[in-house]
Amino acid sequence: MVCGVFLARWSVPAFIRGTAHLHADVRQAPHLIVWAILAGCMWAVANTLTIYAIRNVGLSIAFPLWNTNSLLGIFWGFLLFNELHYAGWKRWLGVIGGALSMFAGATLLAIASSHQAAPGKATFGILAALGAGILWGTMYIPYRKAYLTGMNPLSFITFFTIGELFTMLLLALGYRGPSPLWHELVSAKPVLFWLMLGGFVWVLGDLFQQYATKYVGISRGIPLSNTNQLWGLLWGIFVFHELQGGGRTVYFQVGGGSILMALGAVAIALSSATEREHSSWRHAAQREGDRYGVEDEYVQAGMEGKSFGTVSHSRSIIDWLLIAGTTALFVVLATIARLPQIPINMGWAIGLTAAMGSLLVYGAVALWRTTRFR
């Protein structure tokens, strides 16, 4: 999966903007390379924890639990980046009320997990999901530092994936060893396409979260993007038949908990920033620029979503090699792929895929019209 993430992190930015923009961003703020790699390392550990969470308590329960990273996003945004400063009592009420609603939803889901998980595994699954949420919530600190300083999200995630791939490789080698790991990869050839495709698709969704972090901050952008828990709930229940035979109480707890968390996220997201709060963001951006010696014009252009300097918009030979190489590898893997033998509801899978694809296209067009992916 992380190999698919790595390929997408390099090929998608090459397709959208070209690597010339990457070089320009690194020249202005080279210190952010270290922050990006560190964030990628944290993501890989958190992603590993989600595997154990899903195995022990199921997707429909683990998904909302690790999305408690919203609470940490609110905390770090306020403490380190002047978010919610001068926001007014109504917006503070929306954020605090939303956070309490999300906590109540997570508690309800934790209670429901005792019915879904295997005996003795519920506690471990819950801790793994919450651990992933803590790491992901802290991971947004490098995100916000980068985007306040002026770096484009497409440049940041390119270096982010170096930390992802390196850490994931170390975890896999430490857990299985070189020979067993290679044997498992070879024996899993029929499903490698699906795993790498999952990583590629995840990157497309993550791009929207990156731009949300840049333009509305982590205290609002992260909770809103975490409404993906509802999609996880739909896939878990209708496609993979999770919670089957659990009874009305279990469905009420899981459904009610997810709805509470989603309502809390919406309440936070609707508490939009005021002009006074935006001025405090600019102070935080100025502080970051002064700390690392970044040009004021670069920081200001990044805050306003404008281009800095003169950078060629044409694609280089390197860009086209990245795009062609990634496409060719996926085509080769697709020729040897086989559908996994797991019981799924194909009708629901097709319907949810169509709905998510339509939302993806609409969001991409809207983002392009508003920001030109700057």
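The values are calculated or read from the model by the stated rules, or taken from the named source; none is laboratory data. Given the structure is predicted, the values throughout are model-derived calculations rather than measurements. Glycine also receives a Cβ, built like all others from the backbone with ideal geometry; neighbour counts cover every protein chain displayed. Note: areas computed on protein heavy atoms with side chains; ligands, DNA, RNA excluded. Shrake-Rupley method; radii C 1.70, N 1.55, O 1.52, S 1.80 Å.
Which one is nearest to the chain's Cα centre (by Cα) among residues in the stretch 305-331 that are surrounded by 11 or more Cβ atoms within 10 Å (Cβ to Cβ) and more than 17 Å from W10 (Cα to Cα)?
G305
Exactly one of these conditions fails for V254: (1) more than 19 Å from D25 (Cβ to Cβ); (2) surrounded by 13 or more Cβ atoms within 10 Å (Cβ to Cβ); (3) free of Cβ contacts under 8 Å to residues at least 40 places away in the same chain; (4) not small (G, A, S). Give me its number.
(3)
Can you find, within the stretch 342-370, the residue that is modelled with the highest pLDDT among those that are exposed (fewer than 10 other Cβ atoms within 10 Å of the Cβ) and more than 30 Å from A212 (Cβ to Cβ)?
By that ranking, first place goes to M346.
Restricted to the stretch 176-210, and to residues that are under 17 Å from W43 (Cβ atoms) and open to solvent by 70 Å² or more (accessible area, probe 1.4 Å), which residue is nearest to the chain's Cα centre (by Cα)?
By that ranking, first place goes to W202.
Could you tell me which residue of the stretch 261-283 is modelled with the highest pLDDT, considering only residues that are buried (at least 22 other Cβ atoms within 10 Å of the Cβ) and part of a helix (DSSP H, G or I)? Explain how you work it out, then say what you get.
Taking the stretch 261-283 and keeping what is buried (at least 22 other Cβ atoms within 10 Å of the Cβ), we get 261-262, 264-265, 268-269, 271.
If we keep only those that are part of a helix (DSSP H, G or I) as well, we get 261-262, 264-265, 268-269.
Values: M261: 78, A262: 80, G264: 85, A265: 80, I268: 81, A269: 76.
Here the residue is G264.
Looking at V294, V331, which one is assigned to a helix (DSSP H, G or I) and either of a type in the set (S, T, N, Q) or over 16 Å from H21 (Cα atoms) (or both)?
Only one candidate qualifies: V331.
Just checking, which of L234, L243 is modelled with pLDDT under 80 and not charged (D, E, K, R)?
Going through L234, L243 in turn, the sole match is L243.
Go through (1) touching a residue at least 40 places away in the same chain (Cβ under 8 Å); (2) of a type in the set (A, V, I, L, M); (3) open to solvent by 100 Å² or more (accessible area, probe 1.4 Å) for L339 and report which single condition fails.
Evaluating L339 over (1) touching a residue at least 40 places away in the same chain (Cβ under 8 Å); (2) of a type in the set (A, V, I, L, M); (3) open to solvent by 100 Å² or more (accessible area, probe 1.4 Å) leaves (1) as the failure.
Of all helices (runs of 4 or more DSSP H) completely enclosed by the stretch 151-254, which ones contain at least 2 residues that are among the small types (G, A, S) and more than 30 Å from G309 (Cα to Cα)?
Result: 153-176, 178-187, 189-216, 218-225.
With within 21 Å of L270 (Cα to Cα), open to solvent by less than 60 Å² (accessible area, probe 1.4 Å) and touching a Phe, Trp or Tyr at 6+ places or on another chain (Cβ under 7 Å) as the only criterion, which of G98, G73, G125 stands out?
Among G98, G73, G125, only G73 is within 21 Å of L270 (Cα to Cα), open to solvent by less than 60 Å² (accessible area, probe 1.4 Å) and touching a Phe, Trp or Tyr at 6+ places or on another chain (Cβ under 7 Å).
Quick check on the stretch 47-70: of everything there that is part of a loop (DSSP other than H, G, I, E, B) and more than 20 Å from V239 (Cα to Cα), which residue is least open to solvent (accessible area, probe 1.4 Å)?
Here is the first cut: in the stretch 47-70, the residues part of a loop (DSSP other than H, G, I, E, B) are 58, 67-68.
Narrowing the set further to residues that are more than 20 Å from V239 (Cα to Cα) leaves 67-68.
Values: N67: 5, T68: 27 Å².
This residue is N67.
Answer yes or no: is there a residue in the stretch 122-133 that is out of contact with any Lys or Arg (no Cβ under 9 Å at 6 or more places or on another chain), under 19 Å from W10 (Cα atoms) and among the polar types (S, T, N, Q).
Among the residues of the stretch 122-133, not one is out of contact with any Lys or Arg (no Cβ under 9 Å at 6 or more places or on another chain), under 19 Å from W10 (Cα atoms) and among the polar types (S, T, N, Q), which makes the answer no.
Which of the residues belonging to the stretch 105-137 are among the β-branched types (V, I, T) and either more than 11 Å from I61 (Cβ to Cβ) or modelled with pLDDT of 90 or more (or both)?
The answer is T107, T123, I134.
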